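The values are calculated or read from the model by the stated rules, or taken from the named source; none is laboratory data. Remember, it's a predicted structure, so these values are computed and weren't measured experimentally. No Cβ is skipped: glycine too gets one built from the backbone with ideal geometry, and neighbour counts run over all protein chains shown.
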Amino acid sequence: MSVMRTPDERFADLPRYPFTPNYVQVEAKGVPALRMHYVDTGPADVPAVVLVHGQPTWSFLYREVIHVLAGAGLRVIAPDHIGFGRSDKPTEPTDYTFARHIDWLHGLISGLDLHEVTLVVQDWGGPIGLSVLARDPDRFARVVATNTILHTCDPALAGALTWAHHGVGDDRVMLSEALLDYVSFYKRSPDIVASFFLNAVAGPLSAEVLAAYDAPFPDKSYKAGLRQLTALIPLTRNDPGAAIGRTTMAALEQWQRPFLTAYSDGDPPTQGWDKVFQERVPGARGQKHTVVSVAGHFVQEQKGQELGHIIAEFISATS
């Protein structure tokens, strides 16, 4: 396996991201152990809040959330998925699979021996992070889901989502044209620039912030994971990732511990999933679910402090 490591100087003096890097070795079937980066701040003797990012971001996305939670006296851990941020980056796209991303994140949480975890997930952080919870539920105390989904292709999702993504009958699927456009762009574009998506959805952002989102990827040789994660979106019920999603949803349908949705009001790709989780997850019943106003998909970038306070208040109310 060929693996790239982004030079440390790319991460110097990033705005509002002063955190000391930490690393743990993680393993997945079929590939050598890799080095996974995580932020670890706040008191070490309290249960951790684990903030899991998605595509095409890294832990920098959560910087304002981290400041709020650490200021509230909470331990905060924000990992970078393999292929993102300061974590190792295999150069072969097919080295990245949905199952391996789950293995890698589980390796970090189990390697740090975390318990009573508050899991916060957004975008791909949901399918990956919630699948870790399904595998090892006793490590987790509560969940906050924001602007995320599960890739199940479940026919029962018909009419529930703004972006259609569900089975029809026994052998057809209904998919939003925008979803297919997004997947096609990642497969066909000569280059993928992370900051382009952040600026388009959450901008206009400053030049310093845009540069920070691009910092992990000095050139195309570092971007295999960045490109491949979108290719892993299951589009049919036969995709192995859809089977993972259904297994994870089945586990969540037995989840009795607190589960909060804090979706934004301006994110069509995930709109409707907050209601799905509220209806299907027992731990979501009776919670003070909230909507973050005037924000898009990257709610941490636009309303990071607000989201941080929502998480802190939820932990306080359910501890």
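With respect to the conditions (1) in a helix (DSSP H, G or I); (2) among the aromatic types (Phe, Trp, Tyr); (3) farther than 18 Å from VAL26 by Cβ, TRP163 falls short on a single one, namely (1). The conditions of being crowded, with 24+ Cβ neighbours inside 10 Å, in contact with a helix residue (DSSP H, G or I) (Cβ under 8 Å, 6 or more places away or on another chain), in contact (Cβ under 8 Å) with a residue 12 or more places away in the chain and over 30 Å from ALA243 (Cβ atoms) are met by LEU69.
What do you reckon, is ASP45 out of contact with any Pro (no Cβ under 7 Å at 6 or more places or on another chain), of a type in the set (Asp, Glu) and in a loop (DSSP other than H, G, I, E, B)? Spelling it out, ASP45 is indeed out of contact with any Pro (no Cβ under 7 Å at 6 or more places or on another chain), of a type in the set (Asp, Glu) and in a loop (DSSP other than H, G, I, E, B). Cβ separations smaller than 6 Å between residues 6+ apart or across chains give the following pairs from region 27-44 residues that are free of Cβ contacts under 8 Å to residues at least 12 places away in the same chain to residues that are of a type outside the set (S, T, N, Q): ALA33/GLU27. So, of the residues in region 177-200 that are over 23 Å from SER221 (Cα atoms) and touching a Phe, Trp or Tyr at 6+ places or on another chain (Cβ under 8 Å), which turns out to be surrounded by the most Cβ atoms within 10 Å (Cβ to Cβ)? Per the stated criteria, the residue is LEU179. Considering region 292-310, the residues that are among the β-branched types (Val, Ile, Thr) and over 11 Å from ASN147 (Cβ atoms) include one that is nearest to the chain's Cα centre (by Cα), namely ILE310. The set of residues in region 276-300 being part of a helix (DSSP H, G or I), surrounded by fewer than 24 Cβ atoms within 10 Å (Cβ to Cβ) and in contact (Cβ under 8 Å) with a residue 12 or more places away in the chain consists of VAL276, GLN278, ARG280, PRO282, GLY283, ALA284. Looking at the structure I just gave you, is THR91 closer than 22 Å to ALA215 by Cα and either crowded, with 24+ Cβ neighbours inside 10 Å or at pLDDT below 95 (or both)? No. Just one of the listed residues (THR236, THR290) is touching a Ser or Thr at 6+ places or on another chain (Cβ under 8 Å) and farther than 30 Å from ASP88 by Cβ, and it is THR290. Just checking, does region 10-25 include any residue being in a strand (DSSP E or B), out of contact with any Ser or Thr (no Cβ under 7 Å at 6 or more places or on another chain), more than 25 Å from GLY304 (Cα to Cα) and at pLDDT 95 or above? Yes; the residues of region 10-25 include at least one that is in a strand (DSSP E or B), out of contact with any Ser or Thr (no Cβ under 7 Å at 6 or more places or on another chain), more than 25 Å from GLY304 (Cα to Cα) and at pLDDT 95 or above.
Any residue at all in region 72-87 that is surrounded by fewer than 24 Cβ atoms within 10 Å (Cβ to Cβ), over 21 Å from GLN300 (Cα atoms), touching a residue at least 24 places away in the same chain (Cβ under 8 Å) and of a type in the set (D, E, K, R)? Within region 72-87 (the criterion being surrounded by fewer than 24 Cβ atoms within 10 Å (Cβ to Cβ), over 21 Å from GLN300 (Cα atoms), touching a residue at least 24 places away in the same chain (Cβ under 8 Å) and of a type in the set (D, E, K, R)), the answer is no, since none of the residues qualifies.
At least 1 residues being under 19 Å from the mean Cα position of the chain (by Cα), touching a residue at least 40 places away in the same chain (Cβ under 8 Å) and closer than 28 Å to ARG142 by Cα is the threshold, and among the helices (runs of 4 or more DSSP H) wholly inside region 174-275 those reaching it are 194-202, 224-231, 240-252. Residues in region 262-298 that are of a type in the set (Val, Ile, Thr) and touching a Phe, Trp or Tyr at 6+ places or on another chain (Cβ under 8 Å): THR270, VAL281, VAL291, VAL292. Any residue at all in region 90-111 that is in contact with a helix residue (DSSP H, G or I) (Cβ under 8 Å, 6 or more places away or on another chain), under 20 Å from TRP255 (Cβ atoms) and part of a loop (DSSP other than H, G, I, E, B)? No, because not a single residue in region 90-111 is in contact with a helix residue (DSSP H, G or I) (Cβ under 8 Å, 6 or more places away or on another chain), under 20 Å from TRP255 (Cβ atoms) and part of a loop (DSSP other than H, G, I, E, B).
Taken together, ARG35, ARG75, ARG86, ARG100 contain a single residue that is over 26 Å from LEU226 (Cβ atoms) and of a type in the set (Lys, Arg), which is ARG75.
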